[in-house]
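The values are calculated or read from the model by the stated rules, or taken from the named source; none is laboratory data. Computed from a predicted model, the values in this text were never measured in an experiment. Reconstructed Cβ throughout: ideal geometry from the backbone, glycine too, with neighbour counts over all protein chains shown.
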Amino acid sequence: MIDRKIQGLIIKYLREFPVIVLLGPRQVGKTTLVKQISKTLRKKTHYFDLEKTSDFHIISRDPESALEKLHKDCVLIDEVQRLPQLFELLRALVDEHRKPARFILTGSASPELMKGTSETLAGRVYYFRLHPIGLNELPPNISISKHWFRGGFPKALTLRSNELAIAWLDAFITTYIERDLPFLFDSKISALSMRKLWGMLAHLHGSILNIEQLSNSLGIGATTVRRYLDYLEGAFLIYRLQPYYVNLGKRLVKAPKVYLVDSGILHFLLDLESENDLHYHPQVGASWEGYVIAQIKQAAPNRIDTYFYRTHAGAECDLVLVRGNTVKACIEIKLSKTPVPSKGFYQSTEDLKCNNNFLIVPDTCDYKNNNGVIITDIKTFIIKYLSKI
């Protein structure tokens, strides 16, 4: 089992909050983590998996009777979005016996889960997001190259060969399209259109999102495309990186960029079979950019927001780190052995009046160029610089 950095923080917050909610995509390790955490608690725990028929019937038939008698214990409820009506009951149970670590909930779909808890558990709950395994969680026997190629889903990352990892990703994606997404969002989804959309997003990874272009290419309405994108983002499979724009008197790009969350899924959808195939693929630069952004987003301190910056005149910054209304760092990402910041990057740092600027590259390095830009690798950036931003 690979240790997750978030475990200690969840245990800390369980000492104060009655309810903890752990969100993340399926197969990312939520159940394994909460069961591991439950072993550290000084109280008895009870586990219910709402995708298991017997557990679902126990909770759904008479939830108040099932849960009320367990008020001295900690109750783990997996895939809680299956019973959104539980949230109102949990509020009442928590208020009746307000003690830390009453409930640990997990969910694979953010819209329904967030809606239910935000309306009924305000002030009683703390949310955590479990990402795929990050660079700062890798054991010594897994290289950055392997992590970049296979992604961070525990099974795909740890299988003994790329062939087996690809087979697992194939089954994972098929199951998500044919069963999980319709089930999570209680909606009819065209498996064919969703698979085509997912494949197109792989080739658009890191590009400005154009809904109309996707609609025309898929032969489905723009409203349906938006709905499918919302489903993928709600299931933590893609994210839309928003542009950072302020009133600078410049013509700014205001559409988001789209990325797949996991590089392993990206590489499967690009039909790549090995690290060597990746390095010769036209999307290798976009893949590296997305990988770096994903690692930074996961490891970033609380209250750091991530954006990109681009003007129609050519100024561009791959990643802008912001706290409140203050730009804390500007980052350019390049897959190059001779890293030189671009003219557009220098222009963006001037526009944003940022003096804390970085160029992140694959090769291990850490130095400052003549213009004050720190050129470094992703591991050094996370360990040495990110926590200070």
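Observations on the model:
- On the stretch given as the range 43-73, residues that are aromatic (F, W, Y) and part of a strand (DSSP E or B) total 2.
- Top-ranked residue of the range 119-139 - restricted to ones that are of a type in the set (S, T, Y) and part of a strand (DSSP E or B), ranked as surrounded by the most Cβ atoms within 10 Å (Cβ to Cβ): Y127
- Within the range 74-97, the set of residues being more than 22 Å from L23 (Cα to Cα) and assigned to a loop (DSSP other than H, G, I, E, B) comprises just one member, H97.
Residues checked against (1) basic (K, R); (2) touching a residue at least 12 places away in the same chain (Cβ under 8 Å); (3) not assigned by TED's automatic domain parsing to the domain that holds Y307:
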{"residue": "L204", "(1), (2), (3)": "no, yes, yes"}
{"residue": "Q213", "(1), (2), (3)": "no, no, yes"}
{"residue": "I220", "(1), (2), (3)": "no, yes, yes"}
{"residue": "R226", "(1), (2), (3)": "yes, yes, yes"}
{"residue": "L232", "(1), (2), (3)": "no, yes, yes"}
{"residue": "R240", "(1), (2), (3)": "yes, yes, yes"}
{"residue": "S263", "(1), (2), (3)": "no, yes, yes"}
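- Evaluating H279 against the criteria (1) of a type outside the set (F, W, Y); (2) outside the structural domain of I211 (by TED's automatic domain parsing); (3) surrounded by fewer than 23 Cβ atoms within 10 Å (Cβ to Cβ) leaves one unmet condition, (2).
Okay, residues lined up against (1) part of a helix (DSSP H, G or I); (2) touching a strand residue (DSSP E or B) at 6+ places or on another chain (Cβ under 6 Å); (3) under 28 Å from K250 (Cβ atoms); (4) at pLDDT 95 or above:
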{"residue": "K337", "(1), (2), (3), (4)": "no, no, no, no"}
{"residue": "F358", "(1), (2), (3), (4)": "no, yes, yes, yes"}
{"residue": "G372", "(1), (2), (3), (4)": "no, no, yes, yes"}
{"residue": "T376", "(1), (2), (3), (4)": "no, yes, no, yes"}
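- Put simply, of S274, S263, S217 the only residue that is out of contact with any Leu (no Cβ under 7 Å at 6 or more places or on another chain), of a type outside the set (V, I, T) and surrounded by 20 or more Cβ atoms within 10 Å (Cβ to Cβ) is S263.
- Residue check, T326 farther than 24 Å from F153 by Cβ and among the hydroxyl-bearing types (S, T, Y): yes
- Residue satisfying condition, being in a helix (DSSP H, G or I), under 25 Å from G134 (Cα atoms) and more than 19 Å from the chain's Cα centre (by Cα), within set A156, A165, A202: A165
- There is no residue in the range 11-20 that is within 22 Å of G234 (Cα to Cα), within 25 Å of the chain's Cα centre (by Cα) and surrounded by fewer than 22 Cβ atoms within 10 Å (Cβ to Cβ).
- Residues of the range 33-74 that are touching a residue at least 40 places away in the same chain (Cβ under 8 Å), within 26 Å of the chain's Cα centre (by Cα) and either buried (at least 16 other Cβ atoms within 10 Å of the Cβ) or within 20 Å of D180 (Cβ to Cβ) (or both): L33, V34, I37, S38.
- Positions within the range 244-280 being in contact with a strand residue (DSSP E or B) (Cβ under 8 Å, 6 or more places away or on another chain) and more than 30 Å from N325 (Cα to Cα), in sequence order: L266, L269
- Looking only at the range 315-354, residues that are of a type in the set (S, T, N, Q) and more than 18 Å from D305 (Cα to Cα) come to 4 in all.
- Residue count, the range 307-322 (criterion: surrounded by fewer than 22 Cβ atoms within 10 Å (Cβ to Cβ), assigned to a strand (DSSP E or B) and free of Cβ contacts under 8 Å to residues at least 60 places away in the same chain): 1
- Hey, R179 on the phi < 0 side of the Ramachandran plot, in the same structural domain as T223 (by TED's automatic domain parsing) and in contact with a helix residue (DSSP H, G or I) (Cβ under 6 Å, 6 or more places away or on another chain) or not: no
- Boolean, G290 is assigned to a helix (DSSP H, G or I), under 25 Å from S108 (Cβ atoms) and modelled with pLDDT of 95 or more: yes
- Number of positions in the range 96-123 that are at pLDDT 85 or above and either in the same structural domain as L229 (by TED's automatic domain parsing) or over 23 Å from the mean Cα position of the chain (by Cα) (or both): 8
- Complete set of residues in the range 251-283 that are within 17 Å of the chain's Cα centre (by Cα) and among the aliphatic types (A, V, I, L, M): V258, L260, V261, I265, L266
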